[in-house]
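Data first, discussion second: the structure below is written as structure tokens.
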Amino acid sequence: MISSIGGAERKLYSAPPAAPPLDWSPDGKFIAFSAAPPGHSSSNIALLTLETLETRKLSGPVVGTQDWGPAFSPDGKQLAFVRTNGTLTRAEIFIMSADGSGARRLTFDDAWIPTPPAWTRDGKSIVFSSTRNGLPTLWRIPVSGGPEVQVPQVGVKAVGPTVASSGHRLAYEQDMGSSSLWSLDLARTHDAPRQVTASKGRNGASQLSPDGRRIVFVSDRSGSEEIYISNADSSNLLRLTNLGNARTPGIPRWSPDGQKIVFDSVLRGHNLVFVIQANGGPPRPLTDQGSDNLNPSWSRDGNWIYFTSNRSGQWQIWKMPNQGGEVLQLTRQGGFAGFESADGKSIYYAKTSSEPDIWKMQLQDRKEAAVSPRLHVPQWTGWALTDSGILFVAEGPEAPVLLRFLDFATARVKRITPLEKQPWPLWISASSDGNVVIYAQVDLEVSNIMSLENFH
């Protein structure tokens, strides 16, 4: 804490970082914030008393969920906050007394809430950003419960609402950024990266088809995140899904014969694995609704689908027949995204969803071990398995971001090439021979602070 006019800083609290931001009580005596207990995957809302610097836990989320974004009511008697599921794909607004009692769920949208909620001046409503109708925009809901009403005139990609304490004004942030897909031919070292998609909206989660002629990817160019297919030169664009209504798709992946696409999406409160024909048609769910299932990928012969599930209480790698059916647990020590090796005898997988190491399991004896030499990536999306090794991006003090390669034959990591612009996010995919790399690149990262007058 520091005086608003400057001066010496006073340290209030020290702990591992959790989800920002924090909020002051109206009387300035307390700070509510999100705290993550050491060794736990969940976070809770905690209260810091400024006079004594004592902290105490207020909320009690279920295992694997995250409580964050607390906001005091104008009279300081209540707290609103966001509770996010373990896959970070869905969130709801909760309200509780400022002493932590009487927590209750206010929204039932099964949608993503990207920023903390805000109270109206009279304390009777909550304003929040949600993807319940596609791209994030602002909604308003009574504290007593009831249907949400969209805030008019703010448009889409609106987040971070805040209500003025005097007057009738609402401020918010509007995202104006864009990202595009780029391809890099590593077999032709002198060729520059080639843009695959136009930078309209956000484009990412791409994968090259097995024959190298087509690309599947996710884009919000239509107003909601959907799966698209195009030729490798960006021609013949086909919108494959019409999910809308906050059913944001996960990463799509081709079947070995190039005839089907597998992906995950939300349905009635849980992430399920779906399969869809690559030439279009309705998606078909392969997993049940009793747990969250995501990050599917195909076996090399196309007979099996690997996926991540929390049905055992922890994220693990599982597999099932390509038509659905009985599932089989593979990993026992955690796993978040797995891919089968070229010979079909093992899987390589990211250990966790954040700051993951890459591990390997022999499918015959289920022996799990970290890849040697150790391969650590900042995000679970920042690596791609090829027939002869692993391509990955690693952040560091140097700029730009470097593309590296772990060669299975030599067990050595070598530098491949710098990427001219920051990938968004740290996402790459590659052809099976490792010659072609596709990545998402930030083209424009900008947002505007907007003000809505006469907000009541």
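Where a number appears in this text, it was derived from the coordinates with a stated rule and is not lab data. Quick caveat: nothing in here was measured; it's all calculated off a predicted structure. A quick note on method: Cβ atoms are made from the backbone with ideal geometry, for glycine too, and the neighbour counts reach across all protein chains shown.
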Original post:
For the range 120-273, what does the alpha-carbon gyration tensor say about shape, rounded, prolate or oblate, given a ≥ b ≥ c as the root eigenvalues, a/c under 1.5 as rounded, and a/b over b/c as prolate?
Top reply: prolate
Original post:
How big is the gap, in Å, between the Cα center of the range 345-367 and the Cα center of the range 222-252?
Top reply: 29
Subject >> Relative counts (whole %) of C-alpha pair distances in the range 307-451, using bins that are 5 Å wide >> reply: 2, 9, 17, 20, 18, 13, 9, 6, 3, 2, 1, 0, 0
Subject >> Rounded to the nearest 20 debye, dipole of the range 178-444 from Cβ charges on Lys, Arg, Asp, Glu >> reply: 160
Original post:
In the range 320-422, which GluC sites (Glu not before Pro) fall in coil by DSSP and have 13 or fewer other Cβ atoms within 10 Å?
Top reply: E326, E398, E420
Original post:
Length gain on complete extension for the stretch T410 to K77, per 0.36 nm per residue less the alpha carbon to alpha carbon distance?
Top reply: 113.6 nm
Original post:
To the nearest 0.05, what FRET efficiency results for E51 and S144 with a Förster distance of 30 Å applied to their C-beta separation?
Top reply: 0.35
Original post:
For the range 23-175, what is the convex hull (Cα atoms) projected area averaged across all directions, in square nanometres?
Top reply: 9.2
Subject >> Per-q log10 I(q)/I(0), the range 89-181, q = 0.18, 0.21 Å⁻¹ (Debye; single scatterer per alpha-carbon; no solvent) >> reply: -0.82, -1.08
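Need one word for the range 121-174: rounded, prolate or oblate. Basis is the Cα gyration tensor (sqrt eigenvalues a ≥ b ≥ c); a/c below 1.5 gives rounded, then a/b vs b/c decides.
Details: a/c = 2.37, a/b = 1.17, b/c = 2.02.
Oblate.
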Original post:
Per the Debye formula with a single identical scatterer at each Cα and no solvent contribution, what log10 I(q)/I(0) holds for the range 321-396 at q = 0.12, 0.23 Å⁻¹?
Top reply: -0.33, -1.11
Original post:
Which of the listed residues, G325, V163, Y439, is farthest toward the dipole's positive end in the chain, when Lys, Arg count +1 and Asp, Glu count -1 at the beta-carbon?
Top reply: G325
Original post:
What share of all Cα pairs of the range 178-444, in percent, falls into each consecutive 10 Å distance bin?
Top reply: 7, 32, 38, 21, 3, 0
Subject >> Kirkwood-Stokes translational diffusion coefficient of the range 259-328, alpha-carbon pairs, 20 °C, 1.002 mPa s, µm²/s >> reply: 178
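What per residue convex hull volume, in Å³, comes out for the chain when only alpha-carbon positions are used?
163
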